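Notes follow once the structure below has been shown.
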Amino acid sequence: MRTFADRFVLPVMDLILPRTCIVCGKRLYTFEEHICTGCLADLPLTYGWSLSRNPMAEKFNVLIQRDICQEMQQCQPTRSHIPYSNAASLFFFNSEAPYRKIPYSIKYHGDISSGLFFGAMLGKKIACSPALEGIDMVIPVPLYWSRRWKRGYNQAEVIARGIAGAIGSTVRTDILYRKRHTVTQTRLGTDDKSRNVKDAFGVRKKFPAGTGHILLVDDVFTTGATLHSCWQAVKAAADDIRISIAALAMVSN
């Protein structure tokens with residue numbers, strides 16, 4: 001059932017301050033939110049949530065396998081069992097495509113409502129995925145305190161809240177933290193990205209008893225270096241917790 005705001009208030013507001021599509025800039029109809037029907041139909045979805053193994057998960061698990069190989073080479077005790085980390089992203093990101101405007105608007109222009117909207121869209125996909133069921137908590141990649149203060153919000157946290165609301169889970173920002181300031185990953189090469197975020201995260205408190213599965217969330221998945229560094233911090237603190245990852249967009253090769 002349409003609410004009073006849907007039927008009367010929103011149409012009036014659209015006349016005063018017309019809403020436009022985040023992708024193409026076209027004026028939105030009353031029934032549309034943030035993205036027009038045409039752009040939504042053409043959204044380059046990854047469909048990773050419907051696959052137990054997908055390109056994002058495979059790319060991320062290569063990083064985990066590298067950790068295991070390094071431990072073996074250094075004759076360090078290896079983890080007895082590291083489960084395959086599942087992953088999901090909503091759409092493919094290309095710096096030349098108009099859909100790049102979605103994460104850009106959320107990250108650089110304070111578009112909180114779009115972050116919640118698209119986060120919830122991804123969350124609804126995750127909620128239907130057997131490979132990603134039973135998530136106890138959603139943890140966004142944290143910003144360093146000075147960057148969070150300057151920006152006023154954490155875009156990954158906004159997306160995480162949209163996801164958590166759709167899957168019926170909770171967001172925790174009090175466990176994982178960023179220990180030091182790191183330069184932006186945008187212009188760094190693959191190896192430099194890994195070095196930039198190496199040991200950049202830590203766990204400040206114990207996970208609640210009974211925590212079995214967490215979802216780490218970032219805005220854009222490129223090489224996986226940032227989420228991998230978060231994964232390492234969590235595994236060092238709680239080796240028995242299953243960790244999956246999610247990002248609003250995944251960079252296409």
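Throughout, read-outs are computed from the coordinates displayed, never taken from laboratory work. The model shown is predicted, which means the values in this text are computed figures rather than measured ones. Quick reminder, even Gly has a Cβ in these numbers, built from the backbone with ideal geometry, and neighbours come from all protein chains shown.
Starting from the Cα of LYS206, draw a straight line to each of the lysines and keep only those under 20 Å, dropping any in the same chain fewer than 8 residues away.
Here the lysines satisfying the reach criterion relative to LYS206 are LYS179, LYS235.
Is any residue of the range 204-227 close enough, with backbone N under 15 Å, to a label point placed 7 angstrom from the Cα of ARG66 along the Cα-Cβ axis, and if so, which?
Once the point is set 7 Å along Cα→Cβ of ARG66, 222-227 turn out to lie under 15 Å by backbone N, inside the range 204-227.
Can you classify the range 100-182 as rounded, prolate or oblate using the Cα gyration tensor, where a ≥ b ≥ c are the square roots of its eigenvalues, rounded means a/c under 1.5, and otherwise it's prolate if a/b beats b/c and oblate if not?
Oblate is the answer for the range 100-182, as a/c is 1.5 or above yet b/c matches or exceeds a/b.
Can you return the lysines within cross-link range of LYS26? Criterion is Cα-Cα under 17 Å, with same-chain partners fewer than 8 residues away left out.
Straight-distance partners of LYS26: LYS101.
Evaluate E = 1/(1 + (r/R0)^6) for LYS198 and THR30, where r is the Cβ-Cβ distance and R0 equals 41 Å; express this FRET efficiency to the nearest 0.05.
On the way: r = 49 Å, r/R0 = 1.20.
My answer for the efficiency is 0.25.
Treat each spin label as a single point 7 Å out from the Cα along the C-beta direction, and report the THR37 to LYS205 distance in nm.
A separation of 4.7 nm, rounded to one decimal place.
Only counting other Cβ atoms within 10 Å, I'd like LYS179, LYS235, LYS150 sorted with the fewest neighbours first.
Arranged by neighbour count, lowest to highest, LYS179, LYS235, LYS150 become LYS150, LYS179, LYS235.
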